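The values are calculated or read from the model by the stated rules, or taken from the named source; none is laboratory data. Not measured: the values here are computed from a predicted model. Here the Cβ positions follow ideal geometry from the backbone for every residue, glycine too, while neighbour counts run over all protein chains shown. Calculation scope for accessible area: heavy atoms of the full protein, side chains included, ligands and nucleic acids excluded. Shrake-Rupley method; radii C 1.70, N 1.55, O 1.52, S 1.80 Å.
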Amino acid sequence: MTMRQILILAVLLAPSARALEVVTLDSKAPLVKIKVMVRAGSASDPPGLEGLAALTGAMLREGSFGDPLHPVTKEKLADLTRPWGTAAYPNAQVAKETTVIHFSAPREVADRYIDEVLRPMLTKPLFNPKELERVRGEVLQYLRSGLRLEEIENFGLTSLDNVVFEGTPYAHWDGGTEKGLLKVDREALLRFYKTHYRPENITVGVSSNDKALIEKIRNAVAGMGEVKAEPYESQVPQAPAAVHGRSALVIELPNAISTGLHAGYPLPLTRKDADFWPLYIANVWFGTHRDDFSHLYHVIREERGYNYGDYSYIEHFEGRPENLFPPLNVPRRYQYFSLWARPVAHQFAPHILRALTWELGNFIRTGLTEEECALSKNKAKILYLSFAETADRLLASRLDDAYYGMEPGYLPGYLARVDAVTCGQVNAAIKKYLQAKDMKYVVVTKKGETAKIIEGIASEAPVWGKDPHDYNIDVKEEDGRKLYLVPQPKLDILRRDAVWANEPLDIPKQNVRVVPAEKMFETSAIP
Amino acid sequence: MKTLSLILALCSGWASAGAFPYPVKKKTLPNGLDILVIEMPEFKDVLSYNTMVLAGSGKEEQRGATGLAHLFEHILFTHRFKGKDGGYNDAINRMGADNNAWTWFDITYYHPLTFTSNLAGLALLESSRFKALSINEKIFQTETGAVLGEYRKVASNPSMKMEERVYDLLYPNHPYGHTTMGYYDDVIDMPKHYEAAKKFYDTYYRPNGVVVVVAGDVKAEEVFKTLGPLYSDWKAQPIPPVKEKGPEPSGDRRERVAWDSDIAPQAWVAYRMPAFKLGSPEAGAAELLDELLISPAAPLQKKLRYEKQTASGIGFDEGTNGFESAEPRAIIVSAELFKEKLAAKGDAYFDDAIKDIEDGLDALKSFSKSPGAADLLKVIQSKYRYDFLSGLSSPRNVANVMAQYYRFNRDPQALDQLLDSVQKLKPEDIDRLAQNYFRPENRVVLTLAFEPSAKKGK
């Protein structure tokens, strides 16, 4: 065979797209972690079958696998993995662009784990239809009861995500829609698996540098996707449409005792862009999640006591409200900027919407001083301690790096990138990427409050929040008149309140949609 | 530099996989303050600085003023450091720290995280707010708004109401009878409780009722040298015990909770449990209850969620550690049910689910007689050990686990004793725990269902 022939053969044997990718983290902890990232998530749900990606991920474990005559059922799997710890029972995490199946097992049983769990689960799923019915029922129950009626904050956050990406494959909850979930059948699971669960679509993360172990995992997943089914046509999600002007969606709950406030618009950058880092430093100052370092938190919660917290984001933050730090393995090719004021008393909702909007506008106008930039950079370094806290996070982050194609990776390069940011870059990024005029708002409130809130949203007159009495300012009665004895810091607060009150949102009533909670997430269209 | 070191950190630190892998060094100051240091040098430059106050909502004895322990957790962040309003927070933000805290029935836990180079600065700030808190009434009142916001954000979740009812029925004569958040009306009234809140601080924020746990890239001697002088002028004072004001309730108590939105129904079965005596077979057996009852391989999960499909989910309301308490507390098994099934079958559906849960708990009374009990116990002990080791994933997590168990006997070997008590269990120990406590007179059963006319309130 000539060299030319060898080269041709090599080309013919090469995989059509990319080969299976493995990333590792050298750790000698007693449990080895394995994470299998599939490059398909809820954005790959075919139209009308929203929930297919989530059900496929869940059914790998729940729907039995292996030999159809002697299947490994979910019960057998639970018994088999029981002595090895809770995390040995596999879990699937479905996000917009990825599904990550993750587990860990004691090092001494890793080989057995791969043979008896990892390989058959990923290459021989059975998708038992009875189990599909059960899992579907549980997901629908969560959608109808938990997400819509019990978790006012998660409801608003998910709704904003849908609204910002309206009209794109991002515009539904990762778990699916009510109608889509009802249409998924076993055939659809097989087709989705065939289309996306393929070695060239996979990145595996392993917390070990043991070459034999890595090779074994590589071989174990090599047979993924080999089932008889018609693949779906792969779709690449399109970018969200630009937002023009301001609009609001008001969602009515039957029993809310407070009102949640959200706003956002698509952001044309992700963490792999150079501009991400100066914008990140800006956002650390303006709205760090669940941290009193945040400016929004300071002015709305700390100074005025309106609510539990107020934040801003330049990337989607999964797992709110509980998570203190952004979870990993939810990468996206399209991101959005967002504002979140946690629930406030109903009567203050329109005023706080104005506050959020004015504060964002003011942040863009004034930018940050050198001192504020330095403090924000210092805070960003502190956040790193939590972002990189555990081996699990470090490994998960390497999968995200593979998704984004980041070199050095997000965490390995984090401190150097933060250090390199100049205040000039921060202020330029604020001007380039942040704006307050084209924005989608989401309000989650109680049914009987809607009319008043819409009046406040659409009004061109001042809309006030707390009054001096609410700030516990001393009052002196003189000649039948009230004299407020306002100390200087409180005077600043009152002045700023007046500025907020006089910042109309410029949202005419025709730009406000009202939707009952029960109608959200029926389909991927916003009702 | 720091990135690399953190990654390397995870290569070591597992010298002994059989027990708690880190030495714990302890110093007790003359005023009774315990300082524990866990050296984890592989987590280079990381400083986890934790202050555990041995008082939470379980000390709130004043009626109409529930939620003060949690409110006080918030207030500690408003400390006027060096005489300046907001001075503590300002100094923390200038130094740089992730700074948060939480409150529960027995504990209020403060856990800043920063770089080791900030040890002296952080110790100064932390000692200042714990030993000599300076606040003013107006800032206190503003912060009560944030606490009210914290209540409101979860108010649409019926679990809060269920917790309020279940604790009230379990502990009508003890502060455990209300949630850590407190009743809604009390939270609304918090601005009026400045004096009561200050009294709570004066009574319970005392060095003899506090433990400081420092973990990470630190040297014990340096920590003791830095912290000792800063905390030594904090005055000790006897801490009054909380006593149950009346007899333990008795009799099988059942109640229906009505809810005002069309949510999935729930069934809760709760039992009063013993005080947690670290190292005892009883406490060891209690540690395994989640695995014996509600994990994916456990009988309740298999029966209710898989076989009969009565429930869409089953768990312990407070997670696995809810009953680890200095005084007798409770285990609460909660099941989320299906509204369609309730509509079709009515109350018989609730009765069936409750009976299955009660039967599942009762089955543990003869656990040792079930086939393969000894082998099953070994499997569960193995799982416990791996889960314990998995939890030791960072200085912050290690300090938290240490603090959680250290409080029971103030022995630095507490975690080894805990592991030992679990590994030495015999099947009969499970029987005994179940026989002694899963009794009808210790039980409270709640159901929750949508009723269009329901109104929320206290």
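Numbers for the structure displayed
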item: Residue identified as more than 30 Å from B:Asp252 (Cβ to Cβ), in contact with a Pro (Cβ under 7 Å, 6 or more places away or on another chain) and in contact (Cβ under 8 Å) with a residue 24 or more places away in the chain among B:Ala403, B:Ala374; result: B:Ala374
item: Looking only at segment A:118-165, and only at residues there that are of a type in the set (D, E, K, R) and not in a helix (DSSP H, G or I), the one that is nearest to the other protein chains (Cβ to nearest Cβ); result: A:Glu151
item: A:Tyr334, sole failed condition from (1) open to solvent by 30 Å² or more (accessible area, probe 1.4 Å); (2) out of contact with any Phe, Trp or Tyr (no Cβ under 7 Å at 6 or more places or on another chain); (3) more than 14 Å from chain B (Cβ to nearest Cβ); result: (2)
item: Only one of B:Ile139, B:Ile135, B:Ile188, B:Ile92 that is among the aliphatic types (A, V, I, L, M), modelled with pLDDT of 95 or more and more than 20 Å from the chain's Cα centre (by Cα); result: B:Ile92
item: Subset tally (residues that are within 14 Å of chain B (Cβ to nearest Cβ), of a type in the set (A, V, I, L, M, F, W, C) and closer than 21 Å to A:Met439 by Cα) for segment A:257-283; result: 1
item: Within segment A:60-95, tally of residues that are without any contact (Cβ under 8 Å) to a residue 40 or more places away in the chain, more than 10 Å from chain B (Cβ to nearest Cβ) and touching a Leu at 6+ places or on another chain (Cβ under 9 Å); result: 2
item: Failed criterion for A:Asn307 (all others in (1) part of a loop (DSSP other than H, G, I, E, B); (2) out of contact with any helix residue (DSSP H, G or I) (no Cβ under 7 Å at 6 or more places or on another chain) hold); result: (2)
item: Some residue of segment B:74-86 being among the polar types (S, T, N, Q) and within 14 Å of chain A (Cβ to nearest Cβ); result: yes
item: Evaluation of B:Ile263 against (1) surrounded by fewer than 19 Cβ atoms within 10 Å (Cβ to Cβ); (2) assigned by TED's automatic domain parsing to the domain that holds B:Asp317; (3) over 26 Å from the mean Cα position of the chain (by Cα) (one fails), failing number; result: (1)
item: Residue within segment B:73-81 that is among the polar types (S, T, N, Q) and farther than 30 Å from A:Glu151 by Cβ present; result: no
item: Residues being of a type outside the set (D, E, K, R), within 14 Å of chain B (Cβ to nearest Cβ), under 30 Å from A:Val236 (Cβ atoms) and in contact (Cβ under 8 Å) with a residue 40 or more places away in the chain - total across segment A:294-327; result: 1
item: Residue that is nearest to the other protein chains (Cβ to nearest Cβ) [pool: residues in segment B:251-289 that are hydrophobic (A, V, I, L, M, F, W, C) and closer than 19 Å to B:Asp420 by Cβ]; result: B:Leu288
item: The listed residue being assigned by TED's automatic domain parsing to the domain that holds B:Asn409, touching a Leu at 6+ places or on another chain (Cβ under 6 Å) and open to solvent by 10 Å² or more (accessible area, probe 1.4 Å), out of B:Glu282, B:Glu318, B:Glu291; result: B:Glu282
item: Residue match in segment A:190-197 (condition: within 14 Å of chain B (Cβ to nearest Cβ) and open to solvent by 10 Å² or more (accessible area, probe 1.4 Å)); result: no
item: Boolean, A:Val206 is more than 30 Å from A:Lys440 (Cβ to Cβ) and modelled with pLDDT of 95 or more; result: yes
item: Whichever residue in segment A:481-498 is closer than 12 Å to A:His469 by Cα and charged (D, E, K, R) and, among such residues, is surrounded by the most Cβ atoms within 10 Å (Cβ to Cβ); result: A:Lys490
item: Top-ranked residue in segment B:92-114 [being farther than 24 Å from B:Lys44 by Cα and hydrophobic (A, V, I, L, M, F, W, C); ranked as nearest to the other protein chains (Cβ to nearest Cβ)]; result: B:Trp102
item: Complete set of residues in segment B:153-185 that are within 14 Å of chain A (Cβ to nearest Cβ) and in a loop (DSSP other than H, G, I, E, B); result: B:Ala155, B:Ser156, B:Asn157, B:Met181, B:Tyr183
item: Cross-chain or 6+ apart pairs with Cβ under 6 Å, segment B:139-165 first and within 16 Å of B:Phe450 (Cα to Cα), then small (Gly, Ala, Ser); result: B:Ser156/A:Ala256
item: Residues (open to solvent by less than 40 Å² (accessible area, probe 1.4 Å), part of a helix (DSSP H, G or I) and more than 18 Å from A:Ile281 (Cβ to Cβ)) located in segment A:383-402; result: A:Ala391, A:Leu394, A:Leu395, A:Ala396, A:Ser397, A:Leu399, A:Asp400, A:Asp401, A:Ala402
item: Any hit, segment A:182-193, residues being in contact with a strand residue (DSSP E or B) (Cβ under 8 Å, 6 or more places away or on another chain), under 22 Å from A:Arg18 (Cβ atoms) and touching a residue at least 40 places away in the same chain (Cβ under 8 Å); result: yes
item: Tally, over segment A:403-442, of residues that are more than 13 Å from every other protein chain (Cβ to nearest Cβ), open to solvent by less than 20 Å² (accessible area, probe 1.4 Å) and not in a loop (DSSP other than H, G, I, E, B); result: 8
item: From the options B:Gly313, B:Gly284, B:Gly279, residue that is assigned to a strand (DSSP E or B) and in contact (Cβ under 8 Å) with a residue 12 or more places away in the chain; result: B:Gly313
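Residue-by-condition table, conditions (1) assigned by TED's automatic domain parsing to the domain that holds B:Glu340; (2) charged (D, E, K, R):
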{"position": "B:Arg206", "(1), (2)": "no, yes"}
{"position": "B:Gly209", "(1), (2)": "no, no"}
{"position": "B:Glu221", "(1), (2)": "no, yes"}
{"position": "B:Ala236", "(1), (2)": "no, no"}
{"position": "B:Ile239", "(1), (2)": "no, no"}
{"position": "B:Phe276", "(1), (2)": "yes, no"}
